[in-house]
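To keep things clear, I will list the structure first and then write my remarks on it.
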Amino acid sequence: MNAADELYWDPYDHSFVVDPYPLFNRMREESPVYRNERYDFYAVTRFAHVQRGLADWRTFSSARGDILELIQSGVELPPGTLIFEDPPVHDVHRRLLARVFTPRRIATLEPQVRAFCRRALEPVTGADRFDLVEAVGAEMPMRVIGMLLGIPEADQPAFRDRTDSALSTEGRGRMEVREKEDFGAEQFRDYIQWRKEHPSDDLMTELMNAEFEDENGVRRTLTDEEVLTYCTVVAGAGNETTGRLIGWFGALMARYPEQRRQLAADPSLIPGAIEEILRFEPTGPFTARYVVQDAEFHGRTVPAGSAILFVQAAANRDPRRFPDPDRFDIHRVTQHMTFGVGAHYCLGAALARLEGRVAAEEILKRFTDWDVDWNAAELAQTSTVRGWKTLPLVVEGTRR
Amino acid sequence: MSGRWNVSVDRRVCARTGLCAASAPAQFELDETGQSHARAETTAGSDEVMEAAESCPVEAIAISDAETGEPLFPPES
Ligand code: HEM
Ligand code: SF4
């Protein structure tokens, strides 16, 4: 029996959560077009294949979802979900959101994001031990989405919990797909009415007023249902992913103290460090598509009708693209696959980078040295996200 | 928004969203790998082109005044 016969990847197997990389490396080198019979999917792991596949929506459709369980469930997805649409309809919807998500507009949120981060860190300043995920990671991204949408602060923790539970995986790790999945849209319904009566300078108001030409060439504004869907999509896509990024910052900076010291001494290195964290530990390790016409990778055919996973976590460590890829190095300048590529390239990338940078800056302003209580730390993988659920930091150095 | 503009796309950062080509098809087109480029080096300035540049998620599109060379997007900070 040769090595390739023994290669087996079960994306729901928790024993791979801690370190999936040796297996990803083997898949990329020994079986670049991987086939899992049991769960009936293909997976590609090389950078060039992931890039080509994600950019080719004509062959690899998002219309059935971008999560394996969704694609396989055949569940009906509500219209206007953006992530689950293909061009040209996707582009009509995306352009509407892109207007309010321009990198420059996102940059104007920085003072608010920083103020929240400072408030979140206040209770733990001076502590010799605290859970970074609980203090910052779990809370901040939903608060920031709340700032964007104009959700009153007092109601925000409830939003987070409802979105998380809609995307969580129980038991064996496969996500439960409900017959008519709404991803927790109900929670926003009340605010639409309320916002109509209290318009302000926020995303929800802007979406309600934006005029656009729809896919049938009709000039109109969005219906309430559509506004609701947009809000839900943004909340679902931007919450856990970004929260986990902050956890990975804490974990990797504990594991690489020398690089942490460099950051503490020179904060101008932080944006580069965030990129390297995104490459090294992408919070969404893979993205699924439905194959609408036969495709070929590496001389092998992936037949129409299949589900395929594009494994960004493996592509990010492809030695064909990144020299010495398993080395963590904040000085690397890279273009990783963590935000995807093509039509669905992460709409919130600028926001995620802003949050990651601000959190890193504020943490390093207070704490210079820490380790993690690894025995008490808990790593989790859902059908979309991998990262720390609990990350107790043991503080070893602070600024006076 | 008027006059002649120089428009260019930085391919090292273009994330192949295709959005600029979808919103300003007269100015941007995609190559076979999905990367964007300006159809012509100079073009008539318009809100449409400016909006495409502003909406690019990675700010890969640069616009300058064709006569004076003054950067219009991203603005000089
Ligand atoms: C580290 C944090 C984040 C990561 C790793 C991430 C990753 C991704 C990826 C890989 C995609 C493409 C999915 C696909 O191709 O099917 C995506 C799409 C998207 N992301 Fe993010 N994201 C992050 C943060 C955010 C934030 C903060 C927001 C907004 C508040 C956001 C909103 C979106 C939206 C709306 C889409 C859909 C875009 C489209 O379909 O055109 N993301 N994200
Ligand atoms: S909008 Fe930006 S990233 Fe998208 S294709 Fe155009 S230049 Fe490339």
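Leaving out ligands, DNA and RNA, and with a 1.4 Å probe, what % of the accessible surface on region B:4-67 is carbon or sulfur?
44 percent
With a cut-off of 19 Å, note down the residues of region A:347-375 whose backbone N falls inside the zone around a label point 7 Å from the Cα of A:R118 toward its beta carbon.
A:354-368
With each pseudo-label sitting 7 Å past Cα toward Cβ, what's the A:R300-A:E110 distance in nm, one decimal?
Between A:R300 and A:E110, the simple spin-label model gives 4.6 nm.
Just subtract the alpha-carbon distance of A:E197 and A:H331 from 0.36 nm times their residue separation and send over the number in nm, one decimal.
43.3 nm is the gain from fully extending A:E197 to A:H331.
Taking the simple approach of a point 7 Å from Cα along Cα-to-Cβ for both A:K365 and A:Y8, what is their distance in nm?
Between A:K365 and A:Y8, the label points sit 5.2 nm apart.
What does the average come to when, for each residue of peptide B:54-62, you count the partner chain Cβ atoms lying within 10 Å of its Cβ?
5
Looking at region A:1-93, I'd like the Rg to Rh ratio, where Rg is from alpha-carbon atoms and Rh is Kirkwood's inverse mean 1/r.
1.03
Could you tell me which of rounded, prolate or oblate describes the protein assembly as shown, using a ≥ b ≥ c as the square roots of the eigenvalues of the alpha-carbon gyration tensor, with rounded for a/c under 1.5 and, failing that, prolate when a/b is larger than b/c and oblate otherwise?
Rounded.
When the dipole is taken about the Cα centre of region A:299-400, and only Lys, Arg (+1) and Asp, Glu (-1) are charged at their Cβ, what size is it in debye, to the nearest 20?
360 debye
Using modelled backbone amide H atoms (1.01 Å from N, in-plane), which distant-in-sequence or interchain residues come within less than 5 Å of A:V394's amide H?
Distant-sequence amide H within range of A:V394: A:D371, A:V372, A:D373.
When you count, for each residue, the other Cβ atoms within 10 Å and take the mean per peptide, how do A:61-71, A:207-217 rank with the highest first?
A:61-71, A:207-217
Around B:A60, what is the net charge, scoring Lys/Arg as +1 and Asp/Glu as -1 over all other residues with Cβ under 13 Å from its Cβ?
Local net charge: 0.
Treat each spin label as a single point 7 Å out from the Cα along the C-beta direction, and report the B:E76 to A:V18 distance in nm.
Going from the B:E76 label point to the A:V18 one covers 5.6 nm.
Roughly how crowded by other chains is peptide A:238-250, in terms of the mean Cβ count from those chains within 10 Å of each of its Cβ atoms? Don't skip to the answer; put the middle values down first.
Working: counts 0, 0, 0, 0, 0, 0, 0, 0, 0, 0, 0, 0, 0.
Per residue, the number of nearby Cβ atoms from other chains is 0 on average.
Per residue of A:346-358, how many C-beta atoms from partner chains lie within 10 Å of its own C-beta, taken as a mean?
1
Dipole of chain A, Cα-centred, from +1 at each Lys and Arg C-beta and -1 at each Asp and Glu C-beta, to the nearest 20 debye?
Roughly 1060 debye, rounded to the nearest 20.
Taking the Cα centre of the protein assembly as shown as the origin and placing charges on Cβ (Lys, Arg +1; Asp, Glu -1), which of A:G53, A:A377, A:F339 is farthest toward the positive end of the dipole?
Result: A:A377.
Taking the Cα centre of region A:81-138 as the origin, how large is its charge dipole in debye, to the nearest 20, when only Lys and Arg (+1) and Asp and Glu (-1) carry charge on their Cβ atoms? Walk me through the numbers on the way to the answer.
Values: 9 positive and 8 negative charges, 80 e Å.
About 380 debye.
With r as the distance between the Cβ atoms of A:S268 and A:D373 and R0 = 35 Å, compute the FRET efficiency 1/(1 + (r/R0)^6) and round to 0.05.
The calculated FRET efficiency here is 0.70.
The values are calculated or read from the model by the stated rules, or taken from the named source; none is laboratory data. Since this is a predicted model, take the numbers as computed values, not measurements. Note that each Cβ is placed from the backbone with ideal geometry, even for glycine, and that neighbours are counted across all protein chains shown. The area values use the complete protein model at the heavy-atom level, side chains included, leaving out ligands, DNA and RNA. Shrake-Rupley method; radii C 1.70, N 1.55, O 1.52, S 1.80 Å.
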